[in-house]
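Written out below as structure tokens is the structure these notes cover.
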Amino acid sequence: MYAKLHRTPNSVVLACCGKEWVGKVLEDERHFFEVKASFYQGQLVDEAGLEKLLLEADNINLFGDKPVRVALAKGFIKESDVIRVKGVPHTNIFKFR
């Protein structure tokens, strides 16, 4: 999985996706989704690495089976928080602190 942190003065944004999705565009009747390398392609992480980043970030954007599965398994989201774009799971998490 690729994960990239984007830091702003007020928050930390995490973008994470499966390696196979970088540069792809997926569109269906309800969604258009572009997996931009500039947003998603950062460091390669495993599940433990992603969990640490999930704890750090305030705004989280996950795309693909592995990142969404980790967020589900660790209790950051529930299944109803996931949408599917051409069958690929996607979710956003916003933490209010």
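Consider the stretch 84-97 and keep the residues that are touching a residue at least 40 places away in the same chain (Cβ under 8 Å) and more than 12 Å from the chain's Cα centre (by Cα). The one that is farthest from ALA15 (Cα to Cα) is LYS86. Taking each residue of the stretch 8-32 that is farther than 30 Å from PHE96 by Cβ and looking for partners that are of a type in the set (A, V, I, L, M, F, W, C) and part of a loop (DSSP other than H, G, I, E, B) with beta-carbon atoms closer than 9 Å, six or more apart or interchain, yields LYS19/MET1; GLY23/VAL35; LYS24/VAL35; VAL25/VAL35. Just one residue in the set LYS19, LYS66, LYS36 is of a type in the set (Lys, Arg) and surrounded by 15 or more Cβ atoms within 10 Å (Cβ to Cβ); that residue is LYS66.
Show the residue pairs that are 6+ apart or on different chains and have beta-carbon atoms under 6 Å apart, the first residue being within the stretch 44-64 and closer than 16 Å to THR8 by Cβ, the second being among the charged types (D, E, K, R). Listed by first residue and then by second, the contacts come to ASP58/LYS95.
FYI, it's all coordinate maths here, none of it is from the lab. What you see is a predicted model, and the numbers here were worked out from it, not measured in a lab. So basically every Cβ, Gly included, is an ideal-geometry build from the backbone, and we count neighbours across all protein chains shown.
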